[in-house]
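Asks: This is the structure I want to talk about, given as structure tokens.
The values are calculated or read from the model by the stated rules, or taken from the named source; none is laboratory data. What you are looking at is a predicted structure, and each value in this text was computed from that prediction instead of being measured. Note that each Cβ is placed from the backbone with ideal geometry, even for glycine, and that neighbours are counted across all protein chains shown. Side chains are part of the model used for accessible areas, which takes the heavy atoms of the whole protein and leaves out ligands, DNA and RNA. Shrake-Rupley method; radii C 1.70, N 1.55, O 1.52, S 1.80 Å.
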Amino acid sequence: MSIPLITVQDLVISQSNKLLINKVDFAIHRFDRIILVGENGSGKSTLLKTIKGTHENDKGNIWKSPNLKIEYLDQNPRIPTIHNLSEFISQDIEHPNISKIGEIIEELNIQNVDLSKTISGGELRKIFIAKALLQEPDIILLDEPTNHIDLPTIGWLEQKLINIRTTMIVISHDQEFLKKIGTKTFWLNHGKLRKRDGQYEGFFEWSEELIEIEKNQAHKLKQKIKIETKWSIEGISARRKRNMGRVRELDKLNEDYSNLKIDSKNSIDISLNKTSETGSNVIEALNLSFKFNKNGDKKDVNKEIIKDFNYKIKRLDRIGVIGANGSGKTTLIKLFQGIYQPTSGTIKIGERLNIKYFDQNKETLDLDSTPWKTLTPSGDHVEFQGHKLHVLSYLKKFLFDEKKSMQSNSTLSGGEKVRLLLSKLFLNEHNFLILDEPTNDLDFETLNLLKDNIKNYDGTVLIVSHDRYFLDATINKLIVFENDNKILNHSGNFSEYYVKYGFSKLKFLKLKDQNKVLKKSNQINQNKSKIKLSFKEDFDLKSLPKKIENLELKLAKSEHILNNNNLYDEDRNKFNLIINEISLLKEQLSKAENDWLDLQLLQDEINNFK
């Protein structure tokens with residue numbers, strides 16, 4: 001095993017008089033890609049900040065390799081005060097590489113971001129991802145990096161993190177992301193840190209098995225404590241005095257039991273509150289088009305966001321909406337609700353429709369209020385499913401204790417804010433549920449519960465999300481915002497769509513790609529009598545996906561070999577050979593993907609002429 005970059009011993013961290021981390025030991029080695037999981041409030045972000053050095057631990061030792069460079073991506077990054085994008089993301093780099101800066105700005109599609117104006121959560125996250133990666137740190141700490149970014153960017157980030165060969169710790173609720181990234185898992189649970197080598201796949205089975213083992217151990221220890229306690233009470237006083245060691249052992253047993261036992265924390269007990277049935281047709285869009293008017297405050301006021309869109313939502317439909325950030329997903333659901341009015345076309349609303357909307361930006365949450373006042377501005381009871389409940393009893397279902405229920409909303413964590421909004425949403429009656437990025441900031445417990453409730457909900461559901469696992473578990477239809485303002489209606493879940501198209505149709509085309517398309521289109525226009533692919537082009541279009549798949553497999557095998565932390569010390573020649581092989585495979589893979597994209601775009605243009 002190589003020498004660790006960081007070694008932690010007997011780490012103790014408290015926050016607001018709450019013990020978060022209790023006597024934890026671990027080591028971080030070069031090239032580790034560690035997944036850090038745990039419920040909201042367990043101390044994950046605090047642990048990353050302690051490793052970074054921006055939060056002090058109460059006890060314990062943290063040894064860091066000399067001159068170790070650590071970069072931290074905050075879950076809630078601050079708005080930049082420097083208005084020049086290139087200057088901001090390179091401000092801490094001693095010798096900035098202008099080419100690399102321009103490349104990552106283009107890859108993240110943030111070249112048109114104006115830091116002097118209001119920017120979206122997705123744009124802000126991309127800027128700080130670029131800033132963190134450009135530092136080229138020894139260790140990068142990523143706190144919810146996929147929040148607010150779109151599917152193409154998540155796919156790009158997955159490949160980037162795998163390819164850069166940097167040690168990292170990642171906190172994320174995106175299980176598909178974690179499965180692709182992780183080589184180790186750290187589970188922070190009730191102050192303990194449990195460690196598991198290998199990929200993240202199978203974590204839940206492992207954690208459940210571990211809990212059962214510890215429950216059995218706690219039960220046996222409890223029985224022993226009962227026997228020893230009985231002896232200490234009923235034993236002859238003189239004998240007890242002679243055997244004070246046994247009494248001290250009883251105290252130690254009680255301490256061990258307290259540390260070992262699994263707290264039976266109440267899970268969230270909620271269900272969706274549905275009203276009467278809608279008609280068969282819920283919403284129908286006819287030749288729907290929309291663009292922001294010239295008096296609006298949007299950047300691309302002349303850009304047509306949606307054009308000639310036709311769609312029918314029927315009762316009990318489960319629909320997902322995916323696409324790149326800024327492609328029009330949120331605009332569409334605001335059109336469905338009447339928040340925006342279409343530029344042209346019509347929207348027909350079905351009978352007895354009662355829509356409830358979950359807002360990704362948490363705009364409906366008054367930060368000066370409290371959870372109690374959020375649910376009932378006056379009084380102390382709420383109405384839920386025909387019954388009166390005390391507001392504290394209802395909030396307890398969402399894991400808010402009495403103290404937290406009366407604190408300011410501004411003090412809540414991201415996950416707690418989401419739970420509060422969900423509690424408010426579920427209190428209302430509805431038969432059409434629209435959720436805009438509901439999974440941001442949720443821990444696994446709340447996420448799985450939300451997933452199960454949506455599956456069992458007997459109303460209509462429309463979900464905008466980048467969480468692939470969540471989409472597969474909740475929807476069976478997709479509205480896909482593709483390149484060039486095209487909207488595809490896909491029957492099936494996300495995985496079925498991804499098998500067919502990957503992320504290629506979801507990406508914003510860069511200027512050089514647009515020029516390629518324009519060049520191909522001009523070639524077609526010059527010879528309309530022969531609008532078809534050549535034999536070679538047709539062969540390449542069909543064969544390239546298999547070639548890409550084979551290259552990806554070879555690349556994965558080579559990277560797996562490189563995951564051996566001892567390879568450099570044991571066989572330096574093999575290490576260098578693998579490094580060169582990976583570099584060559586990446587070049588071949590990039591070329592094959594670009595060739596396939598060119599041919600697919602050309603085929604699409606040809607089909608449009610037919």
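Asks: Hey, does region 490-509 have a residue that's more than 24 Å from the chain's Cα centre (by Cα) and at pLDDT 80 or above?
Replies: Yes, that holds for at least one residue.
Asks: Quick one: how many residues across region 79-90 are in a loop (DSSP other than H, G, I, E, B) and open to solvent by less than 50 Å² (accessible area, probe 1.4 Å)?
Replies: The number of residues fulfilling the criteria is 3.
Asks: Tell me which of these Phe177 doesn't satisfy, since it passes every other one: (1) in a strand (DSSP E or B); (2) surrounded by 23 or more Cβ atoms within 10 Å (Cβ to Cβ).
Replies: In the conditions (1) in a strand (DSSP E or B); (2) surrounded by 23 or more Cβ atoms within 10 Å (Cβ to Cβ), Phe177 misses (1) alone.
Asks: Within region 79-122, how many residues turn out to be of a type in the set (D, E, K, R), touching a residue at least 12 places away in the same chain (Cβ under 8 Å) and either in contact with a Cys (Cβ under 6 Å, 6 or more places away or on another chain) or under 29 Å from Thr50 (Cβ atoms) (or both)?
Replies: 1
Asks: Would you check which residues across region 558-585 are over 25 Å from Ile28 (Cβ atoms) and modelled with pLDDT of 75 or more and list them?
Replies: Correct list: Asn573, Leu577, Glu581, Leu584, Leu585.
Asks: Let me ask something else about it. Look at Leu115 and say whether it is among the hydrophobic types (A, V, I, L, M, F, W, C) and surrounded by 20 or more Cβ atoms within 10 Å (Cβ to Cβ).
Replies: No; evaluated as a whole, the condition is false for this residue.
Asks: Return the total of residues in region 1-45 being within 30 Å of His560 (Cα to Cα) and assigned to a strand (DSSP E or B).
Replies: Looking only at that region, the number is 14.
Asks: List every residue pair whose Cβ atoms lie under 6 Å apart, where the two residues are 6 or more positions apart in sequence or sit on different chains, the first residue falls within region 369-385 and is over 17 Å from Asn409 (Cα atoms), and the second residue, located anywhere, is assigned to a loop (DSSP other than H, G, I, E, B) and open to solvent by less than 50 Å² (accessible area, probe 1.4 Å).
Replies: Taking only residues 6 or more apart or on different chains, the pairs are Val382/Thr376; Gln385/Asn273.
Asks: Take Asn76 and tell me if it is without any contact (Cβ under 8 Å) to a residue 60 or more places away in the chain, farther than 13 Å from Leu141 by Cα and surrounded by fewer than 18 Cβ atoms within 10 Å (Cβ to Cβ).
Replies: No; evaluated as a whole, the condition is false for this residue.
Asks: Does at least one position in region 325-344 carry a residue that is under 29 Å from Asp441 (Cα atoms), among the aromatic types (Phe, Trp, Tyr) and surrounded by fewer than 19 Cβ atoms within 10 Å (Cβ to Cβ)?
Replies: Within region 325-344, one or more residues are under 29 Å from Asp441 (Cα atoms), among the aromatic types (Phe, Trp, Tyr) and surrounded by fewer than 19 Cβ atoms within 10 Å (Cβ to Cβ).
Asks: Here is a further query. Check Asn61, Asn76 and return the single one that is at pLDDT 90 or above and not in a helix (DSSP H, G or I).
Replies: The conditions single out Asn61.
Asks: On to the next question. Where residues in region 180-194 are of a type in the set (Lys, Arg) and closer than 18 Å to Leu11 by Cα, which of them is surrounded by the fewest Cβ atoms within 10 Å (Cβ to Cβ)?
Replies: Among residues in region 180-194 that are of a type in the set (Lys, Arg) and closer than 18 Å to Leu11 by Cα, the one surrounded by the fewest Cβ atoms within 10 Å (Cβ to Cβ) is Lys192.
Asks: Moving on to the next point. Take the residues in region 139-169 that are among the hydrophobic types (A, V, I, L, M, F, W, C) and in a helix (DSSP H, G or I), then tell me which one is surrounded by the most Cβ atoms within 10 Å (Cβ to Cβ).
Replies: Here the residue is Leu151.
Asks: Mind checking which residues of region 384-426 are open to solvent by less than 30 Å² (accessible area, probe 1.4 Å), more than 27 Å from Tyr457 (Cα to Cα) and outside any helix (DSSP H, G or I)?
Replies: Leu412
Asks: What residue, of Leu544, Leu551, is at pLDDT 70 or above and either closer than 30 Å to Asp32 by Cα or in a loop (DSSP other than H, G, I, E, B) (or both)?
Replies: Sole residue among the options that is at pLDDT 70 or above and either closer than 30 Å to Asp32 by Cα or in a loop (DSSP other than H, G, I, E, B) (or both): Leu551.
Asks: Can you tell me which residues in region 9-26 are surrounded by fewer than 21 Cβ atoms within 10 Å (Cβ to Cβ) and in contact with a Phe, Trp or Tyr (Cβ under 9 Å, 6 or more places away or on another chain)?
Replies: Matches in region 9-26: Gln9, Phe26.
Asks: For region 292-307, give me the residue count where each residue is over 16 Å from Ile333 (Cβ atoms) and modelled with pLDDT of 90 or more.
Replies: Of the residues in that region, 1 qualify.
Asks: So Lys348 clears everything in (1) surrounded by 21 or more Cβ atoms within 10 Å (Cβ to Cβ); (2) more than 26 Å from Ala473 (Cβ to Cβ) except one condition, right? Which one?
Replies: For Lys348, the exception is condition (1).
Asks: Over 25 Å from Gly43 (Cα atoms), open to solvent by 30 Å² or more (accessible area, probe 1.4 Å), among the hydrophobic types (A, V, I, L, M, F, W, C) and part of a loop (DSSP other than H, G, I, E, B): is that true of Ile93 in this structure?
Replies: yes
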